[in-house]
Amino acid sequence: MSSSSAESGWLSSPILKKVVTGVTGLGLTLFVLGHMIGNLTMFSGPDAYNQYAHFLVSLGPLFYAVEIGLLAFFVFHIITGIRIAMGNRRARRSRYAVRRTAGGPSRQTVASRSMIITGLLLMAFLVIHLLSFKFGPGGPGNANAAYFTTVDGVGMRDLAKLVHEKFQTPWYTFGYTIIMLLLMLHLRHGVWSALQSLGAMRPSLTPVVYTIGGLLGAGIAAGFIVMPLAIYFGFI
Amino acid sequence: MIITLKVWRQEGPDVPGRFETYKVPDANPHMSFLEMLDVLNEQLIKEGKDPVEFDYDCREGICGSCGVVIDGQAHGPQRRTACCQLHMRHYRDGDTIVIEPWRAEGFPVIRDLVVDRTAFDRIVEAGGYVSVNTGAAPDANSIPVPKDDADLSMDYATCIGCGACVAACPNASASLFTAAKISHLALLPQGDPERERRARSMVDQMATEGFGDCSNHAECEAVCPKGISIDAIARMRREYMRAVRR
């Protein structure tokens, strides 16, 4: 009963933990949505993609401010997520021999039960992803003349070349596809759960918000998957 | 009908438990689930064994005393009833039923299927008093309460504190219970002066009882014998945030 002693200190309130997870989660959802739409510029050709990436970097201080904000969102989201998962493990030490969902209004799904697993895998992916692209050849601290191009007289990083190279390797392309399907699962439960956690719910809206959460997750994942597959199968 | 039961037996809070298998040859479809357990216990007593301990009181589905996990579902397969209102006609001759106690660190097992739910009492206690004027009966409608608010408040107030929400929650969270208790008062003018303090201290008490955090699985709503909506939890969060901001 007093296993709570481990749950004291920073952000120990169960409500604040959920609000932080929800707010950061929705912020990160907006980020991946924007990122996904940005990726689609590749369909207008490598120059358009490079120009878009160059435009973001050339925002200067604003760009760095957003990056720092994103980093903070990721850190808070991950820390509270892990804390919640650990607290939940402590809250039930003896397991049920039989478990069955009661159905009906229950939203218990593979997606909702695996948030910590999909979350940790996405975190691992994020590190690999940043190392291969943002800090990859031609990126910050990794100058490489082979990944430099000039579009309309403006010199910029040839990120499109790197993207094309990466997504011609099967393991990278299909690994990426699988991770994006995990992102879909994460958002399937995450979006609606975040809105519920923020207390912005009416029972009559629940089915609508739940459906929107699913569609948003599937849409974002599909948007991310289509570009690498198009490169892999030689459409662009 | 012959029913085979796999029942969780545990001598005390700090003793490891185990499943025991029993055959109940004298079960019949007219029995309630708890009556079938009574028959099992008579059988066990005749054999000189310890009867299976389980909680109950009214056996009318309104007191919140009974509650076991039946084949992985809190209160069993029938929706919106406590397990005392589950009847054996829903089972077939020869069925095997697995019966477990509510499993949560916040609800330590006392013996067999009986768990200690005083954590709920402490959460309610933490809510403190509610200001209600005493004296002569007030005139009707002297305190206006919108009909919708009164109805919603009554929906939340139907919570019987059985603990099925905790038992069914993958996180063993007590959010639905605490939320129902906070929300039914938050909608009414009575007790309004204590509104913020009540939300804060009940949530804080919930956190110190060793329950998990809510992940919005909504499994609690599905097993709640009173069908209380997780909308209560959203309301609890709004109440809490309102209290924190003040």
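Go over the candidates B:Tyr156, B:Tyr129 one by one and state the one that is under 29 Å from B:Ser201 (Cβ atoms), assigned to a loop (DSSP other than H, G, I, E, B) and either among the β-branched types (Val, Ile, Thr) or touching a residue at least 60 places away in the same chain (Cβ under 8 Å) (or both).
B:Tyr129
Could you tell me whether any residue of the stretch A:127-136 is in a helix (DSSP H, G or I), under 22 Å from the mean Cα position of the chain (by Cα), among the small types (Gly, Ala, Ser) and closer than 30 Å to B:Arg235 by Cβ?
no
Out of the stretch B:189-206, which residues are part of a helix (DSSP H, G or I), closer than 23 Å to B:Met154 by Cβ and over 18 Å from the mean Cα position of the chain (by Cα)?
Correct list: B:Asp192, B:Pro193, B:Glu194, B:Arg195, B:Glu196, B:Arg198, B:Ala199.
Which residues, taken from the stretch A:185-206, are charged (D, E, K, R) and over 16 Å from B:His217 (Cβ atoms)?
A:Arg202 - this is the single residue of the stretch A:185-206 that is charged (D, E, K, R) and over 16 Å from B:His217 (Cβ atoms).
Please find, within the stretch A:203-213, the residue that is nearest to A:Val19 (Cα to Cα) out of those that are exposed (fewer than 14 other Cβ atoms within 10 Å of the Cβ) and either within 8 Å of another protein chain (Cβ to nearest Cβ) or not β-branched (Val, Ile, Thr) (or both).
If we take residues in the stretch A:203-213 being exposed (fewer than 14 other Cβ atoms within 10 Å of the Cβ) and either within 8 Å of another protein chain (Cβ to nearest Cβ) or not β-branched (Val, Ile, Thr) (or both), then A:Leu205 is nearest to A:Val19 (Cα to Cα).
Listed residues A:Val191, A:Val226; which is of a type in the set (Val, Ile, Thr) and either farther than 19 Å from A:Ser114 by Cα or not in a helix (DSSP H, G or I) (or both)?
Only one candidate passes the filter, namely A:Val226.
How many residues does the stretch B:164-185 contain that are surrounded by fewer than 24 Cβ atoms within 10 Å (Cβ to Cβ) and touching a Lys or Arg at 6+ places or on another chain (Cβ under 7 Å)?
Going through the stretch B:164-185 one residue at a time, the tally reaches 2.
Before we move on, is A:Ser94 farther than 28 Å from B:Phe211 by Cα, among the hydroxyl-bearing types (Ser, Thr, Tyr) and out of contact with any helix residue (DSSP H, G or I) (no Cβ under 6 Å at 6 or more places or on another chain)?
Answer is no for this residue.
Can B:Ser175 be described as more than 16 Å from the chain's Cα centre (by Cα), within 27 Å of A:Gly81 (Cα to Cα) and more than 7 Å from chain A (Cβ to nearest Cβ)?
no
Output the residues belonging to the stretch A:96-123 that are without any contact (Cβ under 8 Å) to a residue 60 or more places away in the chain and either more than 7 Å from chain B (Cβ to nearest Cβ) or part of a helix (DSSP H, G or I) (or both).
A:Arg113, A:Ile116, A:Ile117, A:Leu120, A:Met123
Between a residue in the stretch A:178-202 that is within 11 Å of another protein chain (Cβ to nearest Cβ) and surrounded by 24 or more Cβ atoms within 10 Å (Cβ to Cβ) and any residue that is charged (D, E, K, R) and outside any loop (DSSP other than H, G, I, E, B), which pairs come within a Cβ distance under 8 Å, given they are 6 or more apart or on different chains?
A:Ser197/A:Lys18; A:Ser197/B:Arg237
Looking only at the stretch B:59-97, how many residues end up being within 14 Å of chain A (Cβ to nearest Cβ) and free of Cβ contacts under 8 Å to residues at least 40 places away in the same chain?
5
From the set of residues in the stretch B:207-234 that are assigned to a helix (DSSP H, G or I) and facing another protein chain (nearest Cβ under 7 Å), which is farthest from A:Gln108 (Cα to Cα)?
If we take residues in the stretch B:207-234 being assigned to a helix (DSSP H, G or I) and facing another protein chain (nearest Cβ under 7 Å), then B:Thr208 is farthest from A:Gln108 (Cα to Cα).
Quick note: the coordinates plus some simple rules give every number you see, no bench work behind them. The shown structure was predicted, so the numbers you read here are calculated from the model rather than taken from an experiment. Every residue, glycine as well, gets a Cβ built from its backbone with ideal geometry; the counts of neighbours run over all protein chains shown.
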